1. What is the fewest-to-most order of ARG198, ARG312 by other Cβ atoms lying within 10 Å of their Cβ?
2. Would you mind checking the tilt of helix 72-86 against the longest principal axis of the Cα atoms of the chain, expressed as 0 to 90 degrees and rounded to 10?
3. Provide the per-residue ³J(HN,Hα) series for region 169-182, in order, calculated from phi with Karplus coefficients 6.51, -1.76, 1.60 and θ = phi - 60°, each as a whole number of Hz, with x at glycine and proline positions.
4. For the chain, with a Gaussian network of springs between Cα atoms less than 10 Å apart, report the residue from PRO65, PRO168, PRO288 with the top mean-square fluctuation.
5. Could you list the GluC sites (Glu not before Pro) in region 122-162 that lie in coil according to DSSP, counting only those with at most 12 other Cβ atoms within 10 Å of their Cβ?
6. With a cap of 11 neighbouring Cβ atoms within 10 Å, and only residues DSSP puts in a loop, list the GluC sites (Glu not before Pro) found in region 3-73.
7. Once the Cα atoms of helix 222-236 and of the chain are each reduced to a long axis, what angle between those two axes, in degrees from 0 to 90 to the nearest 10, is obtained?
8. In the structure shown, do any of LYS214/LYS314; LYS143/LYS202; LYS213/LYS277 have a Cα-Cα gap over 28 Å, and if so which?
Amino acid sequence: MEKLLVLTHVDESGEALTRASLEAVAAGVEFSAALGATLAIGMIGAQAAAQLGGINARVLTVAGPEFSSARYASDAAACEALVRAAEATLVFAPASSRFARVMPGVAHRLGGFVETHITALAKGEGLEATRWYYRQRVEAVVKRETRPWFLLLEPGTRAAFVADGAAPQVETVAVTLPALRTKVSGVRAPKQDEQTIRPDAKILFVAGAGWTKKQADGQVHPTEAEQLILGFLKAADASLGSSKSLVDQSGENQPVLKFMTHMNQIGQTGATPRHPKGLSTCCHGEEPHVVGWRFINERRAISLDPNCGWARGKADVLYVADAFQVVAKVNALLMEKK
Ligand SMILES: Cc1cc2nc3c(=O)[nH]c(=O)nc-3n(C[C@H](O)[C@H](O)[C@H](O)COP(=O)(O)OP(=O)(O)OC[C@H]3O[C@@H](n4cnc5c(N)ncnc54)[C@H](O)[C@@H]3O)c2cc1C
């Protein structure tokens, strides 16, 4: 019989499990039932049993201040101890930066195998895991005989577990830590409202090169463009994406939007984010860009060009209009609502 362990960890508050961890827990509940496997949950860095209220599983944790922050040596030792304590044959974990860093090493220590970027799971003859290769062009279904089998589940691919009962009993597992050479002295990160890439946002706002092109008056308006884009991000709590042309401009001595980097690029050579809705502005909607929108459920675009790519079946709604005017009006309406 398979023994399924879900590994989870805390968010920046240090007190609650991350949303991606709770999504992995939901996957654990579903597939332990489907496979007839036993279920255990391992927690690192939190005593968050209340978030697992009502779960029918053994709940394990590791105790000590060493586990409150991400660090390879302590995280790998904790994951290894939890997998051994649960005698797990299958291990689900969120594909967070914290776990993506340690899980291949943990799998190696336990003589197992690890799969990354898993977007879907299914029960066929045993567990089947789906992932994309070659920049989302080839989708593969993977099965393995090797145990323990570790699966890093992409965040945003399923609903999170919701507690609906009393907090479970928690067992503490002892961890033998190696000498810790890395001391975590603090975290330096941009403030939340300076962060333009927000994977959990309900809406993706994409800016294209049109924002920095000459407008009807023959002038460029980069400062106004910056204010309008940042205004929308703030008012709608949106995540910011870009076309390649816009992020490439900094190397071409053209007017640039200072907050935009290659990290924001969506498309074939950029990111493929997951958001319920997307709004494209001043972007032509060419195929190498739109291919990065495959996981955006509802797509709208604002472009001056009625023959742009969005008009050719790539958007649900295309507004043929001046994005400077439309976004200014939308921002004013959003601010009124706030
Ligand atoms: C191998 C390869 C890989 C690529 N990978 C990517 C990728 O990953 N991501 C990506 O984005 N691109 C990628 N590209 C480039 C892609 O083909 C396009 O060149 C790029 O997406 C164009 O960016 P854009 O639409 O912002 O700019 P443009 O083509 O310059 O379009 C600007 C648009 O803004 C509109 N506009 C201007 N002013 C306004 C206004 N006031 N209101 C409304 N609309 C306005 C114009 O009508 C125009 O449609 C790749 C290309 C190749 C060859």
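1. Least crowded to most crowded, the residues run ARG312, ARG198.
2. Helix 72-86 sits at roughly 50 degrees to that axis.
3. Working through the residues one at a time gives 5, 10, 9, 9, 9, 6, 10, 8, 8, x, 4, 9, 7, 9 Hz.
4. Of the options given, PRO65 has the highest mean-square fluctuation.
5. In loop regions of region 122-162 (DSSP not H, G, I, E or B), the sparsely surrounded GluC sites (Glu not before Pro) are GLU125, GLU145.
6. GLU12
7. It is inclined by approximately 40 degrees.
8. Violating the 28 Å Cα-Cα cut-off are LYS143/LYS202.
A short reminder: the numbers here are calculations on the coordinates, not readings from a lab. Nothing here was measured: the structure is a model prediction, and the numbers come from that model. For neighbour counting, all protein chains shown are included, and Cβ atoms are generated from backbone atoms with ideal geometry for every residue, glycine included.
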